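Written out below as structure tokens is the structure these notes cover.
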């Protein structure tokens with residue numbers, strides 16, 4: 001999949017519980033609050049972002065996450081498989097979580 005739009009990034013992190021602390025547009029870096037702690041997220045196309053997704057965005061009920069070399073991510077949540085690809089492992093995980101978000105909410 002392609003890079004997420006600014007609106008998708010904003011919606012995604014708000015769904016995860018972040019609150020926007022600036023009025024500028026969302027770009028690769030987001031500054032927000034998570035449980036009253038100021039957080040600065042890394043850009044969405046690097047390994048640090050992958051760790052950030054694991055820390056803050058994995059949905060409840062997640063049973064398994066599988067990565068394959070072609071930037072494929074398969075995520076099983078409550079016995080349902082969500083699949084996505086991206087140009088990096090971080091983006092493929094972002095899009096798999098996005099699929100869960102759109103299925104559940």
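The values are calculated or read from the model by the stated rules, or taken from the named source; none is laboratory data. Keep in mind that this is a model prediction, so the values were computed, not measured. Don't worry about glycine lacking a Cβ; one is built from the backbone with ideal geometry, like all the others, and counts go over all protein chains shown.
Tell me, yes or no, whether the stretch 42-62 has at least one residue that is modelled with pLDDT under 80, more than 19 Å from residue 101 (Cα to Cα) and in contact with a helix residue (DSSP H, G or I) (Cβ under 6 Å, 6 or more places away or on another chain). Yes, the stretch 42-62 contains at least one residue that is modelled with pLDDT under 80, more than 19 Å from residue 101 (Cα to Cα) and in contact with a helix residue (DSSP H, G or I) (Cβ under 6 Å, 6 or more places away or on another chain).
Pairing residues of the stretch 78-105 that are without any contact (Cβ under 8 Å) to a residue 12 or more places away in the chain with residues that are in a strand (DSSP E or B) and surrounded by 15 or more Cβ atoms within 10 Å (Cβ to Cβ), at Cβ distances under 8 Å and at least 6 apart in sequence or on separate chains, gives 81/74; 81/75. Within the stretch 90-105, being in contact with a helix residue (DSSP H, G or I) (Cβ under 6 Å, 6 or more places away or on another chain) and either outside any helix (DSSP H, G or I) or closer than 14 Å to residue 54 by Cβ (or both) holds for 90, 93.
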